[in-house]
Amino acid sequence: MPAIYFTTHDSPLGELTLAATDEGLCGLYFKGHKPAPERKGWKRDDGPRFDAARSWLDSWFAKARPRKLPKLSILSGTPFQRRVWDVLHTIPPGKTTTYGDIARAIGSPGAVRAVGAAVGRNPLSLFIPCHRVIGRDGSLTGYAGGLQRKTWLLGHEGVLKPA
């Protein structure tokens, strides 16, 4: 397992923890993230390793069009989970899709629950936009960072009207 470095970054959703290897960004986690990452052996690094991720996040939260994603380095995930995460990359800002749509897109239409579990295991929230996945009936089902944050994120992107 490669060395993992971490830093924190302030956001409108509270403090974010960013994790990276020498190859790229491998995690973004909220306070109270479920499941929480195993941080054993992580090393603090507040240096330039995280500059591209910080810049992208600041642009995104400011509703500016961020430049290309920072280099990502996904360390975990089964082939099924990775197929689901690949589909998440295709959901444009301001749009949503359903777990069933993703299941059909990966050629496993009966795997809706497994898709939900894979979405919940996404290690790179925001960079791999799992908040854009909703229930078939339009309900805001599950989010590793909490439904309050999912609601905020979809409102930020203009999917939901402010209350």
_Just checking, does region 70-82 include any residue being more than 22 Å from Y143 (Cα to Cα) and surrounded by fewer than 17 Cβ atoms within 10 Å (Cβ to Cβ)?_
yes
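Do the conditions hold for P66, that is, is it within 15 Å of I128 (Cβ to Cβ), surrounded by 14 or more Cβ atoms within 10 Å (Cβ to Cβ), not polar (S, T, N, Q) and not assigned by TED's automatic domain parsing to the domain that holds G120?
Working: within 15 Å of I128 (Cβ to Cβ): yes; surrounded by 14 or more Cβ atoms within 10 Å (Cβ to Cβ): yes; not polar (S, T, N, Q): yes; not assigned by TED's automatic domain parsing to the domain that holds G120: yes.
So P66 passes the test.
Being surrounded by 22 or more Cβ atoms within 10 Å (Cβ to Cβ), touching a residue at least 12 places away in the same chain (Cβ under 8 Å) and either in contact with a strand residue (DSSP E or B) (Cβ under 6 Å, 6 or more places away or on another chain) or not assigned by TED's automatic domain parsing to the domain that holds L28 (or both), is that true of even one residue in region 103-113? Break it down stepwise before answering.
From region 103-113, those surrounded by 22 or more Cβ atoms within 10 Å (Cβ to Cβ) are none; that's our starting set.
Checking region 103-113: not a single residue is surrounded by 22 or more Cβ atoms within 10 Å (Cβ to Cβ), touching a residue at least 12 places away in the same chain (Cβ under 8 Å) and either in contact with a strand residue (DSSP E or B) (Cβ under 6 Å, 6 or more places away or on another chain) or not assigned by TED's automatic domain parsing to the domain that holds L28 (or both).
Residues that are more than 22 Å from T151 (Cα to Cα), buried (at least 18 other Cβ atoms within 10 Å of the Cβ) and touching a residue at least 24 places away in the same chain (Cβ under 8 Å): does region 23-37 have at least one? First the steps, then the outcome.
Our first condition is that a residue be more than 22 Å from T151 (Cα to Cα); within region 23-37, this holds for 23-26, 37.
Right, trim to buried (at least 18 other Cβ atoms within 10 Å of the Cβ) and you get 25-26.
Right, trim to touching a residue at least 24 places away in the same chain (Cβ under 8 Å) and you get 25-26.
For region 23-37, residues more than 22 Å from T151 (Cα to Cα), buried (at least 18 other Cβ atoms within 10 Å of the Cβ) and touching a residue at least 24 places away in the same chain (Cβ under 8 Å): present.
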*Report yes if G145 is touching a strand residue (DSSP E or B) at 6+ places or on another chain (Cβ under 6 Å) and either assigned by TED's automatic domain parsing to the domain that holds Y99 or in a loop (DSSP other than H, G, I, E, B) (or both), otherwise no.*
yes
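Tell me, which residue of region 54-84 that is basic (K, R) and without any contact (Cβ under 8 Å) to a residue 12 or more places away in the chain is farthest from L16 (Cα to Cα)?
Of the residues in region 54-84, the ones basic (K, R) are 54, 63, 65, 67-68, 71, 82-83.
Of the ones still in play, those that are also without any contact (Cβ under 8 Å) to a residue 12 or more places away in the chain are 65, 68, 82.
On the way: R65: 20, K68: 20, R82: 23 Å.
Applying the filter and picking the extreme gives R82.
Pick out, from region 1-51, the strands (runs of 3 or more DSSP E) lying fully within it that include 1 or more residues that are at pLDDT 95 or above and in contact with a His (Cβ under 6 Å, 6 or more places away or on another chain). Working first, answer last.
Numbers: elements: 5-9, 16-21, 24-30.
Passing ranges, in order: 16-21.
The values are calculated or read from the model by the stated rules, or taken from the named source; none is laboratory data. Bear in mind the structure is a predicted one, so any value in this text is a computation, not a measurement. Because the Cβ atoms are built from the backbone with ideal geometry, glycine has one as well, and the counts that use them run over all protein chains shown.
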